[in-house]
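The values are calculated or read from the model by the stated rules, or taken from the named source; none is laboratory data. Keep in mind it's a predicted model, so treat the numbers as computed, not measured. In this analysis, Cβ positions are derived from the backbone assuming ideal geometry, glycine residues included, and neighbour counts consider all displayed protein chains. For accessibility, only protein heavy atoms count, side chains too; no ligands or nucleic acids. Shrake-Rupley method; radii C 1.70, N 1.55, O 1.52, S 1.80 Å.
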Amino acid sequence: MTTTRTPVAAPARRHRTLAPFAFLAPFLIPFVLFTLVPVGYAFWQSLHRTERRGGTFGRTETVFAGFQQYADVVSEPFFADSLLRVALFALVQIPVMLTVALTLALLLDSAVARLKRFFRLVYFVPYGIPGVVAALMWAFLYDPRLSPVVDLLRTVNVDVDLLGPDAILWSIGNVVTWTYTGYNMLIMYAALQAVPADLGEAARVDGAGPWTTALRIKVPVIRPAIVLTGVFSLIGTFQLFTEPQVFRAISTSVTSTYTPNLAAYSLAAGDRYSEAAALSVLLAVATFVLSFLFLRLTARRQG
């Protein structure tokens, strides 16, 4: 007795082939349109420059310049200064912010915590405030002519200029920490909700206290969430723009090239579009490389 296998119809096979792309389309389409296309155009623009032919009133022409724009940007004095400033900012601000976020998440997840919904909302509210508004609010608190904080410090003989060159970077760091701590806390808190309750009960049976349980049981389990917030924070640090731009209007300590992102904006505002595009591409590559190295380092330590 022979059996015949009914061939699968071509439309059915095609439907199964296209189904994954249909599910991915809501992500892929915006990603291509708003990430890959702009990055590709910036890279193309960074390889070209506009030249004027025929004197002052001649016509302009876009010509291929190769990697000359990259060499020009790298040779600028502000390039290394802005990168080192942002690197120092990341080394100090990110660990402080993530430590505070993790502490708040652990406190909210503890058995003795009360009014958890209320405090989750309170911690998250700063993230819901637009960055420009938050920076303006903190600028008022930093201004020595208006700030009640500065007046209070002066009453105890502490005279500090929070908008001065020695403190402005950390004043900006305080704004960023205040804004994004609640956001990172929610990511960690959500991860803590997925920790099996049996682990905590077993630790308590073995005599572990609340902080021992938190540090030895909960923190290792939510390590992927902590790494995720670290990557997000690293990417956000290299995109630092809003706070320096606002503080630039009230403090001479913030220059037009204070951060790489602000420098790219200033170059574009000065009609130096090709150099701005080259700096943006370099910044994107640096952010990708550092994020990749951070993920590899954390994965190796976890392994």
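Per-structure values
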| quantity | calculated |
| --- | --- |
| Residue list for segment 120-148, filter: without any contact (Cβ under 8 Å) to a residue 24 or more places away in the chain and hydroxyl-bearing (S, T, Y) | S147 |
| Options L163, L136, L199: the member that is touching a helix residue (DSSP H, G or I) at 6+ places or on another chain (Cβ under 7 Å), of a type in the set (A, V, I, L, M, F, W, C) and modelled with pLDDT under 85 | L199 |
| Residue match in segment 67-87 (condition: in contact with a strand residue (DSSP E or B) (Cβ under 8 Å, 6 or more places away or on another chain) and of a type outside the set (A, V, I, L, M)) | yes |
| Selection status of A264, surrounded by fewer than 16 Cβ atoms within 10 Å (Cβ to Cβ) and not charged (D, E, K, R) | no |
| First in segment 282-303 and modelled with pLDDT under 85, second anywhere and surrounded by 15 or more Cβ atoms within 10 Å (Cβ to Cβ), Cβ under 6 Å, 6 or more apart | T298/V227 |
| Test for A139: is it open to solvent by less than 40 Å² (accessible area, probe 1.4 Å) and in a loop (DSSP other than H, G, I, E, B) | no |
| Looking only at segment 160-197, and only at residues there that are more than 24 Å from A135 (Cβ to Cβ) and over 22 Å from the mean Cα position of the chain (by Cα), the one that is least open to solvent (accessible area, probe 1.4 Å) | L192 |
| Residues that are surrounded by 15 or more Cβ atoms within 10 Å (Cβ to Cβ) and among the hydrophobic types (A, V, I, L, M, F, W, C), drawn from segment 273-293 | A276, A277, A278, L279, V281, L282, L283, A284, A286, L290 |
| Number of the condition not met by S251 [criteria: (1) at pLDDT below 90; (2) over 26 Å from W170 (Cα atoms); (3) open to solvent by less than 30 Å² (accessible area, probe 1.4 Å)] | (2) |
